[in-house]
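The values are calculated or read from the model by the stated rules, or taken from the named source; none is laboratory data. A quick note: this is a predicted structure, and the numbers were derived from the prediction, not measured. Here the Cβ positions follow ideal geometry from the backbone for every residue, glycine too, while neighbour counts run over all protein chains shown.
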Amino acid sequence: MTHFPDSAPPAGVDTTVAHSARVWNYWLGGKDHYPVDRELGEQILSTYPNIAVDARAGRDFLVRGITLLARDEGIRQFLDIGTGLPTYDNTHEVAQSVAPESRVVYVDNDPMVLAHARALLVSSEEGATQFVDTDLRNTDRVLEAASELLDFDRPVALSVVGTLGHIPDLAVALDTMNRYKDALAPGSFVMVGDHVMPEDPGAATALDQWNEGAALAYRSHTPDEFASYFDGLELLEPGVVPVTLWRTGGQPMLGALPDIAMQGGIARKR
């Protein structure tokens, strides 16, 4: 995979202000970030050290969820929205390790992610991957482009992890999710993970630091707000929980951390 650490940035990439995908990549231990991203990342870590755990836990939740859907639910089509920079165990790698014929469409509008699209498009011979460069709120565009690879008359797994908080208005975020849910066939699944404000006061301060220093603001959720993304769907056990407690084989991950900010769930469309 090609990395761009402190070298000339790809076209369209602004290195004068921190960006979500690059800061997240820094917290995940990746290499695709610039000094401005590391500076903000360290500032937030000093206020709320658990943010690095949130980042790793969100990725691990995605891996466990995709594995379950491919292995246990027989899903062979995946729509990954808000892809972020490639790190370890990307959606197509996980799905195709279980079912090589899996088809995966990634959606993101970050120019840095677009520069890495080739890494996301290296598919198994039996399967296929595709990248759609657009904002997730442009649902018609996403669904039209994704339908070139995915058959929406058959079950699809939709994953949106660490992304919906970037939509400033909760009502818009809910409407966006409802549009995607409406487009899914019965038997499809929806996986969502996002920030739910924990009791740790450092988390609120860290969110303020993010919104002051990053190019794209983030909005946290109350537990009820986050749970509303699953309205009309049948939640799989254990429901909506901190992602360190979701399907971990009875063993809490990363010390469980009851105040972890990243919560998640997976639900079936009947």
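To keep it simple, each residue is scored yes or no on (1) outside any loop (DSSP other than H, G, I, E, B); (2) modelled with pLDDT under 90; (3) more than 26 Å from Trp210 (Cα to Cα).
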position: Asp224; (1), (2), (3): yes, no, no
position: Ser228; (1), (2), (3): yes, no, no
position: Gly232; (1), (2), (3): no, no, yes
position: Gly239; (1), (2), (3): no, no, yes
position: Thr248; (1), (2), (3): no, yes, yes
position: Gln251; (1), (2), (3): no, yes, yes
position: Leu254; (1), (2), (3): yes, yes, no
position: Leu257; (1), (2), (3): no, yes, no
position: Ile260; (1), (2), (3): no, yes, no
Completion exercise
Screening Pro100, Pro86 for residues that are in contact (Cβ under 8 Å) with a residue 60 or more places away in the chain, in a loop (DSSP other than H, G, I, E, B) and not hydroxyl-bearing (Ser, Thr, Tyr) leaves only Pro86
Handout entry: Those residues of the range 84-135 which are in contact with a strand residue (DSSP E or B) (Cβ under 6 Å, 6 or more places away or on another chain), of a type outside the set (Gly, Ala, Ser) and within 20 Å of Pro155 (Cα to Cα), in sequence order
Key = Thr91, His92, Arg103, Val104, Val105, Tyr106, Val107, Thr129, Gln130, Phe131, Val132
Practice task
For residues that are at pLDDT 95 or above and in a loop (DSSP other than H, G, I, E, B), scanning just the range 164-176, find the one that is nearest to the chain's Cα centre (by Cα).
Solution key: Ile167
Exercise for the section: Kindly indicate whether Val113 is assigned to a helix (DSSP H, G or I) and either farther than 24 Å from Pro242 by Cβ or among the small types (Gly, Ala, Ser) (or both). Expected result: yes
Practice task
Identify, from the list Leu68, Leu40, the residue that is assigned to a helix (DSSP H, G or I), at pLDDT 85 or above and farther than 30 Å from Ala185 by Cα.
Solution key: Leu40
Practice task
Scan the range 162-176 and give yes if some residue there is closer than 21 Å to Val240 by Cβ, polar (S, T, N, Q) and either in contact with a His (Cβ under 6 Å, 6 or more places away or on another chain) or surrounded by fewer than 16 Cβ atoms within 10 Å (Cβ to Cβ) (or both), otherwise no.
Solution key: no
Problem - Residues located in the range 118-134, provided they are surrounded by fewer than 18 Cβ atoms within 10 Å (Cβ to Cβ) and under 16 Å from the mean Cα position of the chain (by Cα) - result: Asp133, Thr134
Problem - Qualifying positions in the range 194-237 - under 23 Å from His33 (Cβ atoms), surrounded by 14 or more Cβ atoms within 10 Å (Cβ to Cβ), of a type in the set (D, E, K, R) and free of Cβ contacts under 8 Å to residues at least 60 places away in the same chain - result: Arg219
